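Enquirer: Below you will find the structure I want to go over with you.
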């Protein structure tokens, strides 16, 4: 039987890293929905359109061809046949993704693609509204969070390791602004599902976070089997 793990939480909490490790440990498919919104943000910026301009963004949707492929177990995002995976992790693209993801038509545009990925395999999917909107029936729902400062330190180190010049202060401002955008948007605000388990990893390292998440998953799947 296939099952779905919904992993939600704010920007920089480590959802993608955790989801990849969980997928590897459990032998299931990892789907990074945030990369899809980032790709649309990239497309919008390349066309010279403001990500917050709903009318202009919606006018571009018919031109976007987005596909998800898996290479050696790693997800790659193709935008109009271009692999844009290396270009969507900058602070600028993060902010653009936050803006476009607040547009109802964009979320509708991606909904079927996201749901289709879970029809033929067990998946872990991370984002902002996986447990509330994409998979409200997910067998496991985890809301991963951490303080803004802890998330900014981690994201700064990640970007510098990739050779992207930035500063802690810049990253912290971006995270705080994105948190505000995500919390206050009218469509699919970034909040924990009522039946999600909240996991705060502010004081946990990666290994500790993985073990805590696996414990939650094991308990929830066991409950599903007994139901």
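All of the numbers you see were taken from the coordinates with simple rules; none came from a lab. From a predicted model like this one, the values you see are computed outputs, not experimental measurements. Heads up, the Cβs are rebuilt from the backbone with ideal geometry, glycines too, and the neighbour counts pull from every protein chain shown.
Enquirer: Between the stretch 83-122 and the stretch 128-144, what's the alpha-carbon centroid distance in Å?
Expert: 15 Å
Enquirer: When the Cα centres of the stretch 166-189 and the stretch 39-54 are compared, how far apart do they sit, in Å?
Expert: If you average the Cα positions of each part, the centres end up 17 Å apart.
Enquirer: Still on this structure: Got a sec? How would 176, 219, 55 order by Cβ neighbour count within 10 Å, fewest to most?
Expert: Placing the least packed residue first, the sequence is 55, 219, 176.
Enquirer: Report the per residue volume, in Å³, of the convex hull enclosing the C-alpha atoms of the stretch 1-116.
Expert: That works out to 110 Å³ per residue.
Enquirer: Out of every Cα pair in the stretch 4-226, what percent are spaced more than 32 Å from each other?
Expert: I get 13 percent for the Cα pairs in the stretch 4-226 exceeding 32 Å.
Enquirer: Ok, one more. Which whole number in µm²/s is D for the stretch 174-227 by Stokes-Einstein, with the Kirkwood Rh taken over Cα pairs at 4 °C and 1.567 mPa s?
Expert: After rounding, the answer is 95 µm²/s.
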